[in-house]
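J.: Here it is, the structure, as structure tokens.
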Amino acid sequence: MTSSVRVRYAPSPTGYPHVGNIRTALFNWLFARHAGGSFVVRIEDTDVTRKVKGALEAILDGLKWLGLDWDEGPEAGGKYGPYFQSQRLDIYHEAAERLVSQGDAYHCYCSPERLAEMRAEQVRRKQPPGYDRHCRDLSLKERAAKEAEGITPVVRFKAPLEGQTGFDDLIRGGVVFENATIDDFILLKSDGYPTYHLANVVDDHLMEISHVLRAEEWLSSTPRHLLLYRALGFEPPRFAHLPMILGSDRSKLSKRHGAVSITDYREQGYLPEAMLNFLALLGWSLDDKTEILSPEELIASFSLERISKTAAIFNAEKLGWMNGVYIRRLGLSDFTRRSLPFLDRDLPPGVERPLPAGYVERVMPLVQERARTLLEVPELAQFFFVDELTYEPALLIARKMDRDSAAAALETSLERLLELPVFDEESLEAVLRPLAEELGLKAGQLFGTLRVAVTGRTAAPPLFQTMAVLGKEQCLKRIKAARDRLRRL
Ligand code: GLU
């Protein structure tokens, strides 16, 4: 059964897609997929001056990375195309001219200088900003004179001077605006491009959009759109304005809060499935406790009823935690495959490439337990690959030990390990635990010294597993080097 739900994500390629933007795309996608409807991507590229190179690619890239597939739009095509507003100019011109001939819109000839003066005057008088309707009632003669001057007019909407415009928002309920607060906004600019308002309304109608799910910042544009729908004789879609996303300090989400382009999260080693889960919970919830939801579960349970009216808080800590959960859920080969580009890029240049596949596979389970992002993998795994460790020799001296007892502990460990026929986790434990006792040390003291000797750090994956993966030769070499460092201290 096909559903009549048709929703759209309508980004403007004026910048890289940030978290809020992609959250809007995700909610539209979830809504469409839940209802078995269509998810349309429409590019609102009518602001030529604000176009940013590479932004369109980044937007589509971000969607693909998260798995938000679209049924119609760029690359996909569809019977309501073209899906770039810059390729639909004729359609907007026709709509604007129709409004003019109906008496719902008019040509405005005001110069930028006049408008700037008007605005300054409004500021001086502490009046609300807005066009003063100078050209709204020009006589035929006045108009002809302006035309004769060769001025290219803009087209403005003739907003009603009184009354109210209201609608039932699917998230926040009844919303009413006084028409007196709506100015005669521009529909067609003098460069021939439509404004957002005109193009958005015309396209949502022609593309048979049933529900508009968009950011709260557009709420105040909705009465203008409703007036346009009415004037054009179109049935408006249903509207749902999504709650804002704030930083952890409740201020507007910014770069400082990690609200960077969605594709940056990929560079930073976040998994798309974790990102999707995290974004879905920015303003929506299944209940008060469930945090981990697969795309399938999200689709099955998504509903507008559970979108909150209050702002969502972007918690970067939580994203890190969630990413760690998803990392640990990956199959080993999947985790390895996703980590390899990071290892290749970030391990020191001295480490020979390509990395030995069999060895990498033995290292990865130890790293998978600890990484919160794929970006951390090279750092966590580095000591497995480098030839020489660099660390502060004093770290080799565990609590309540001194230089000599630490050096002696390493020396005896060397002797015992050298004799070991099998260098696996069990045999290592079987030798080293009793050795601690024999040396009169706590297990933690001996293991601490050995850990620094073989990994160069005080915190690392479990010692015996780590040593088994490093192998006998490498471990003996490192323990010797550590002993020598202590002796030189
Ligand atoms: N082009 C607008 C944007 O960039 C679309 C707003 C809407 O969904 O109506 O957010």
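The values are calculated or read from the model by the stated rules, or taken from the named source; none is laboratory data. Note that the structure is predicted; figures quoted are calculated from it, not measured. Neighbour counts run over all protein chains shown; Cβ positions are idealised from the backbone, glycine included. The accessibility values were calculated without ligands, DNA or RNA, using every heavy atom of the protein model including side chains. Shrake-Rupley method; radii C 1.70, N 1.55, O 1.52, S 1.80 Å.
J.: Search the range 209-236 for residues that are over 21 Å from GLY283 (Cα atoms) and pair each with any residue that is assigned to a helix (DSSP H, G or I) and within 8 Å of the ligand (Cβ to nearest atom) when their beta-carbon atoms are under 7 Å apart and the residues are at least 6 apart or on different chains.
T.: That search, which allows pairs on different chains as well, returns HIS225/ASN200.
J.: Need the failing condition index for ALA481 against (1) open to solvent by less than 30 Å² (accessible area, probe 1.4 Å); (2) at pLDDT 95 or above, just the number.
T.: Only one criterion is unmet by ALA481, namely (1).
J.: Just wondering, is there one or more residues in the range 205-220 that are more than 16 Å from the ligand (Cβ to nearest atom) and open to solvent by 30 Å² or more (accessible area, probe 1.4 Å)?
T.: No; the residues of the range 205-220 include none that is more than 16 Å from the ligand (Cβ to nearest atom) and open to solvent by 30 Å² or more (accessible area, probe 1.4 Å).
J.: Just one of GLU267, GLU273 is away from the ligand (no atom under 16 Å from the Cβ), within 22 Å of GLY67 (Cα to Cα) and surrounded by fewer than 17 Cβ atoms within 10 Å (Cβ to Cβ); which is it?
T.: GLU267
J.: Let me ask something additional. When only residues in the range 39-51 that are more than 12 Å from the ligand (Cβ to nearest atom) and surrounded by fewer than 23 Cβ atoms within 10 Å (Cβ to Cβ) count, which is farthest from ASP69 (Cα to Cα)?
T.: THR49
Residue-by-condition table, conditions (1) within 11 Å of the ligand (Cβ to nearest atom); (2) at pLDDT 95 or above:
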| position | (1), (2) |
| --- | --- |
| THR2 | no, no |
| ARG8 | yes, yes |
| THR14 | yes, no |
| PRO17 | yes, no |
| GLY20 | yes, no |
| ARG23 | no, yes |
| LEU26 | no, yes |
| TRP29 | no, yes |
| GLY36 | no, yes |
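J.: A further question follows. Would you mind telling me which numbered condition in (1) within 30 Å of LYS79 (Cα to Cα); (2) more than 16 Å from the ligand (Cβ to nearest atom); (3) open to solvent by less than 40 Å² (accessible area, probe 1.4 Å) ASP191 fails?
T.: Among (1) within 30 Å of LYS79 (Cα to Cα); (2) more than 16 Å from the ligand (Cβ to nearest atom); (3) open to solvent by less than 40 Å² (accessible area, probe 1.4 Å), ASP191 violates only (3).
J.: Now for a different question. For the range 77-133, how many residues meet the condition of being hydroxyl-bearing (Ser, Thr, Tyr) and exposed (fewer than 14 other Cβ atoms within 10 Å of the Cβ)?
T.: Qualifying residue count for the region: 2.
J.: Could you identify the single residue in ARG230, ARG238 that is among the basic types (Lys, Arg), more than 11 Å from the ligand (Cβ to nearest atom) and under 30 Å from GLN127 (Cβ atoms)?
T.: ARG230
J.: Determine which member of the set GLU305, GLU296 is open to solvent by 70 Å² or more (accessible area, probe 1.4 Å), assigned to a helix (DSSP H, G or I), more than 30 Å from GLN164 (Cα to Cα) and among the acidic types (Asp, Glu).
T.: Every option except GLU296 fails the conditions.
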